[in-house]
Structure formats: C-alpha cells, structure tokens
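The values are calculated or read from the model by the stated rules, or taken from the named source; none is laboratory data. Fair warning: this is a prediction, and the values are worked out from it, not measured in the lab. Every residue, glycine among them, receives a Cβ derived from its backbone with ideal geometry; neighbour counts consider all protein chains shown. We work out accessible area using only protein heavy atoms, side chains counted, and drop any ligands, DNA or RNA first. Shrake-Rupley method; radii C 1.70, N 1.55, O 1.52, S 1.80 Å.
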Amino acid sequence: MQNPAFFKGTKHKKRYFEGWYFKCISADRKHAVALIPGMAVDPQGNRHAFIQVIQAVTGQTAYHRFDYRDFSAATDRLDIQIAGHTFSADGLSVQIDRPEGTVKGKLTFSDVHAFPVTSLNPGIMGPFSFIPFMECYHAIIHLYHAINGSLQINGEVLSFDGGVGYIEKDYGRSFPRTYLWLQASHFEAGNASFVFSRAR
C-alpha cells in the first residue's frame with residue numbers, strides 16, 4: 001500500500017484536493033505557524049496549486065494561489081515543490097513575496113517521530129483507508145519533530161530554533177461538513193504529542 005503521506009492526486013480529474021499541513025511552534029511557544037502546500041481541482045476540472053499560511057496566535061491567514069504547472073509532488077516520498085518553494089520530511093524553504101503577504105525562510109527538521117505505516121497498519125484511519133469514495137481521508141505524517149531555522153512573515157522575523165513541529169495531510173473531494181480537531185506538541189515529557197479529531 002502506498003504511504004498516505006505521498007501524493008495521490010495524479011489520476012483525479014475533477015473535484016479533488018490534497019494538502020499537507022506543516023505546523024511549526026517556536027521554543028518559547030509564542031509563535032505557531034502552519035504552512036499548507038497543496039493542489040485542488042474544481043468540479044469543472046480546473047486545477048491550481050496553493051500555499052496557505054496561518055498564524056495561530058494572531059489569526060491571520062493568507063492563501064497564495066499558483067499555476068498548477070508550478071506544482072510537483074513525489075509519489076514515493078514526502079516531497080512537494082510549488083514554484084521553487086519546497087516542503088519535505090527534512091524541512092521546508094519558502095520565498096513568497098506577494099501583495100497578499102510575504103513569507104521567507106528555511107526550516108530544517110530533526111529527531112523525527114513519524115507515524116508508523118505498514119500494510120497491516122495503513123495509517124491513522126485504519127481500515128477506513130481502504131473504503132473507496134469517502135468524502136475525505138486523513139493522514140498523520142510526523143507526530144513530532146524538532147525544528148531549527150527562522151521565517152520572516154510580513155517583515156517580522158520569527159525564530160523556530162529549538163521549536164517543535166507536526167505534519168499531517170487531508171485529501172479527497174471535500175472537507176467533512178463538521179469536524180473537531182486538536183493537536184498539541186509541547187509537554188514536559190519532551191517529545192510527546194497529542195492529536196484528537198472527530199468528523200461527520
């Protein structure tokens with residue numbers, strides 16, 4: 001079975017999305033930023049790529065749209081590239097400078113605790129992973145990893161040296177009508193991680 005972290009959207013012609021959620025938390029816990037690279041196909045078959053940036057503390061969000069021809073993703077490893085911006089299991093690098101916002105910098109990941117995936121344990125969805133035509137599928141990729149590096153967002157430099165991160169993914173026709181999601185990575189025990197989700 002293909003690891004759910006890898007790109008699956010090569011054959012989808014209409015009404016499909018695939019997005020990877022890179023959550024980055026600073027060591028002092030004052031900054032939490034999510035970068036979400038992905039692609040989407042509307043009901044008419046029009047494709048585009050995107051990088052969404054969410055600042056959890058301020059609530060600011062920006063959706064950077066790209067031509068689909070600028071998108072590539074590996075089907076045998078976690079490796080996404082959009083117009084020169086890169087996202088992988090080892091880190092990410094972005095140089096976005098647009099009217100809707102700027103995000104520049106490079107982060108490297110280490111001490112990775114990946115979610116175990118085997119033929120008998122196909123991911124967080126368990127046997128539901130094998131059910132075809134579900135509205136949305138979910139995958140946890142990294143339960144935890146350490147971060148080094150910094151990001152400059154709209155002129156403000158945020159250091160993530162000594163911070164922690166988390167990676168997950170959603171893909172399918174659309175998000176569930178209602179859902180609840182919680183995730184936390186800062187615990188006294190060190191590399192502990194908590195994730196809870198429920199969806200209709």
Pro176 vs (1) of a type outside the set (Val, Ile, Thr); (2) open to solvent by 30 Å² or more (accessible area, probe 1.4 Å); (3) touching a residue at least 12 places away in the same chain (Cβ under 8 Å): all pass except (2)
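Is it true that Ser185 is farther than 30 Å from Lys14 by Cα and either without any contact (Cβ under 8 Å) to a residue 40 or more places away in the chain or surrounded by 18 or more Cβ atoms within 10 Å (Cβ to Cβ) (or both)? If you could, list the steps in order and put the result at the bottom.
Values: farther than 30 Å from Lys14 by Cα: yes; either without any contact (Cβ under 8 Å) to a residue 40 or more places away in the chain or surrounded by 18 or more Cβ atoms within 10 Å (Cβ to Cβ) (or both): yes.
Answer is yes for this residue.
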When region 126-141 is checked residue by residue, the ones that are part of a strand (DSSP E or B) and either β-branched (Val, Ile, Thr) or on the phi > 0 side of the Ramachandran plot (or both) are Ile140, Ile141
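Could you list all residues from region 133-149 that are among the aliphatic types (A, V, I, L, M) and crowded, with 20+ Cβ neighbours inside 10 Å? Lay out the reasoning, then the answer.
Start the filter on region 133-149 by keeping residues that are among the aliphatic types (A, V, I, L, M), which leaves 134, 139-141, 143, 146-147.
Listed by number, the residues that qualify are Ala139, Ile140, Ile141, Leu143, Ile147.
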Among residues of region 99-125 being in a loop (DSSP other than H, G, I, E, B) and among the small types (Gly, Ala, Ser), the residue surrounded by the most Cβ atoms within 10 Å (Cβ to Cβ) is Gly123
Looking at region 150-173, can you tell me whether even one residue there is buried (at least 19 other Cβ atoms within 10 Å of the Cβ), part of a loop (DSSP other than H, G, I, E, B) and modelled with pLDDT of 80 or more?
yes
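Any residue at all in region 80-97 that's of a type in the set (Asp, Glu) and free of Cβ contacts under 8 Å to residues at least 24 places away in the same chain?
Looking only at region 80-97, we keep the residues that are of a type in the set (Asp, Glu), and these are 90, 97.
From what's left, free of Cβ contacts under 8 Å to residues at least 24 places away in the same chain: 90, 97.
Yes, region 80-97 contains a residue that is of a type in the set (Asp, Glu) and free of Cβ contacts under 8 Å to residues at least 24 places away in the same chain.
Counting just the residues of region 20-42 that are touching a strand residue (DSSP E or B) at 6+ places or on another chain (Cβ under 8 Å) and in a loop (DSSP other than H, G, I, E, B), which one comes out nearest to Arg65 (Cα to Cα)?
Filtering region 20-42 down to residues touching a strand residue (DSSP E or B) at 6+ places or on another chain (Cβ under 8 Å) leaves 20-27, 31-41.
Checking which are in a loop (DSSP other than H, G, I, E, B) leaves us with 26-27, 31.
Numbers: Ser26: 27, Ala27: 30, His31: 24 Å.
This residue is His31.
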Condition set under 13 Å from Ile147 (Cα atoms) and open to solvent by 20 Å² or more (accessible area, probe 1.4 Å), scope region 12-28, selection modelled with the highest pLDDT: answer is Lys23
Scanning region 86-98 for residues that are in a loop (DSSP other than H, G, I, E, B) and under 14 Å from Asn3 (Cβ atoms) gives Ala89
